[in-house]
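The values are calculated or read from the model by the stated rules, or taken from the named source; none is laboratory data. Just so it is clear, the structure is predicted and the values come from calculations on it, not from any experiment. Note that we place each Cβ from the backbone using ideal geometry, even for glycine, and neighbour counts take in every protein chain shown. Note: areas computed on protein heavy atoms with side chains; ligands, DNA, RNA excluded. Shrake-Rupley method; radii C 1.70, N 1.55, O 1.52, S 1.80 Å.
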Amino acid sequence: MTTTAPRMGQTLPEEHRGRLMRIAREVAFPQDCRLFEEGARADRFWIVRSGSIALDMRVPGLRSPVVETLGRGELVGWSWLFPPYVWQLGARTETPVRADEFDAFTVRLMCASDPGLGSFVAQWVGQVLAHRLSVTRTRLLDLYAPQGSGALLYG
């Protein structure tokens, strides 16, 4: 079963979504552009307008496997919300991408000054985080576990 992470439009009421969108800036990235590296400072996030972005994870001694591909309407980046504000995955564009970019510090200030907004943003990003952890676990089991070991250990 394939599921997608909750979209901002599904989770945030119009009032909060509108406040966030007023501070967004539209950006464009070419194909094969590195957006961020695992372990680097997480100071922004994006909502994809068009194109696709691959999330990858460092695996010592191997090429970084793609753990999820994100598309239209999806949140790129959750590490900006949780100290120490360091990316937990890496990301690069698979196609040319247009996105809305948000400054993390500004959004955190908005959330701190408006507990209602903060609560909805935390719920949304938490749901996305839970989805990403599940997808990453499954993908890594597919790539590295002996055949059938995921079902025996976790089934």
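With r defined as the distance between the Cβ atoms of S64 and R7 and R0 fixed at 30 Å, what FRET efficiency is calculated, to the nearest 0.05? Each step should come with its number before you reach the end.
Working: r = 26 Å, r/R0 = 0.87.
The calculated FRET efficiency here is 0.70.
From zero outward in steps of 5 Å, how is the percent of C-alpha pairs of region 1-60 spread across the bins?
Percent of Cα pairs in each bin: 3, 11, 19, 22, 21, 16, 6, 2, 0.
Let me check I've understood the local charge: for E14, count other residues with C-beta under 14 angstrom from its C-beta, Lys and Arg +1, Asp and Glu -1. What total comes out?
With Lys, Arg at +1 and Asp, Glu at -1, the net is +3.
Using a 1.4 Å probe and counting only protein heavy atoms, arrange W78, W87 so the residue with the most accessible area comes first.
On the way: W78 45, W87 10 Å².
Descending accessible area places them as W78, W87.
5 Å is the cut-off here: which amide hydrogens, built 1.01 Å from N in the peptide plane, fall below it relative to Q88, excluding neighbours closer than 5 in sequence?
The answer is G39, S79.
Would you mind calculating the gained length between E15 and R41 on full extension (0.36 nm times residue separation, minus the Cα-Cα distance), in nm to one decimal?
Numbers: separation 26, 0.36 × 26 = 9.36 nm, distance 2.95 nm.
Additional length available on full extension: 6.4 nm.
So if R0 is 30 Å, what FRET efficiency would Q123 and V86 give, r being the distance between their Cβ atoms, rounded to the nearest 0.05? Please report the intermediate quantities before stating the final value.
Working: r = 22 Å, r/R0 = 0.74.
For Q123 and V86, the calculated efficiency is 0.85.
Which value, in debye to the nearest 20, gives the size of the charge dipole of region 57-128 about its Cα centre, when Lys and Arg are +1 and Asp and Glu are -1 at the Cβ?
On the way: 6 positive and 7 negative charges, 58 e Å.
I would put it at about 280 debye.
Which order do you get for R63, R22 if you rank them by accessible area with a 1.4 Å probe, largest at the top? Display every interim value, and only then the final one.
Values: R63 200, R22 175 Å².
Correct descending sequence by accessible area is R63, R22.
Mind checking the per residue accessible area of region 76-130 for me, 1.4 Å probe, whole number of Å²? Please list the in-between numbers first.
On the way: 2280 Å² over 55 residues.
Using a 1.4 Å probe on heavy atoms only, each residue of region 76-130 averages 42 Å².
Per residue of region 103-109, in order, report the coupling 6.51 cos²θ - 1.76 cosθ + 1.60 (Karplus, θ = phi - 60°) as ³J(HN,Hα) in whole Hz, putting x for Gly and Pro.
Ordered by residue, 3J(HN,Hα) equals 7, 4, 4, 4, 5, 4, 5 Hz.
Leaving out ligands, DNA and RNA but keeping every protein chain, what accessible area does S119 have, in Å² rounded to the nearest 10, with a 1.4 Å probe?
60 Å²
Taking 0.36 nm per intervening residue step and subtracting the Cα-Cα distance, what contour gain separates R108 from V27 on full extension?
Working: separation 81, 0.36 × 81 = 29.16 nm, distance 2.05 nm.
Between R108 and V27, full extension yields an extra 27.1 nm.
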